[in-house]
Structure formats: structure tokens, C-alpha cells
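To keep things clear, I will list the structure first and then write my remarks on it.
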Amino acid sequence: MSTFTPYPVEVLQKMQNAAGHTYLDLGTGPGVSLALTAATTMPGWVVGVKRDEHMAAFTQDNLDRPGVGAAMEACDAPRPPPPLHRPDTDP
């Protein structure tokens, strides 16, 4: 039996996420930590931020496939971020 634990899993275990928590991931990558967090914080709010719009779309596609309920936003520090819409409060 392997004792290897992927780094995102180890970090998320130490964070002790729980249902209803809010999680913001800057520089999300392919969305692994967002997907894992969404599975443990729902009905919380999980959002990732990437500065490249194409990578944000790629990550959102990865998150949409299993339907984990996480959202991606594309923004960069020199320009203001778009308004974030919480799925549990916005129509």
C-alpha cells in the first residue's frame, strides 16, 4: 500500500475545509484543488482566479465535466476583476 498523498490533498486536509466555507484559489492551474475543495465545502463558494482567459476557460471545462460546482474568473492585477457572482445568492 502506498503512503503517497498528492500535495493538493495534503494541503486541503490541513486547511480543514467544511461545508459552507468559502475558498479562493489564485493561480488555479488545471483545477485539481478547486475540484477537491468543492467536494468538501458545498454548499460553500469555491472560485479560482487565473490571469489568462484561455487557461481560465480550460480550467472551467475541467471543473464542469464532473460537475463540482466551482467557478473560474479571469483577471489580472493591472485591470479590475469582473464582479463575482455567488451561485447561491444571484439569480
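Observations
- Filtering the stretch 1-25 to residues that are open to solvent by less than 40 Å² (accessible area, probe 1.4 Å) and within 16 Å of Ala74 (Cβ to Cβ) leaves only Asp25.
- Within the stretch 44-56, the set of residues being modelled with pLDDT of 85 or more, open to solvent by 10 Å² or more (accessible area, probe 1.4 Å) and in contact with a Ser or Thr (Cβ under 7 Å, 6 or more places away or on another chain) comprises Val49, Lys50.
- Counted residues, the stretch 62-77 - those being over 8 Å from the mean Cα position of the chain (by Cα) and buried (at least 17 other Cβ atoms within 10 Å of the Cβ): 6
- Lone qualifier among Thr59, Thr28, Thr41 - being open to solvent by less than 30 Å² (accessible area, probe 1.4 Å), on the phi < 0 side of the Ramachandran plot and modelled with pLDDT of 85 or more: Thr59
The values are calculated or read from the model by the stated rules, or taken from the named source; none is laboratory data. If you're wondering where the values come from, they're calculated on a predicted model, not measured in any experiment. Backbone-built Cβ (ideal geometry, glycine too); neighbour counts: all protein chains shown. Accessible surface is based on the protein model in full, side chains and every heavy atom, while ligands, DNA and RNA are left aside. Shrake-Rupley method; radii C 1.70, N 1.55, O 1.52, S 1.80 Å.
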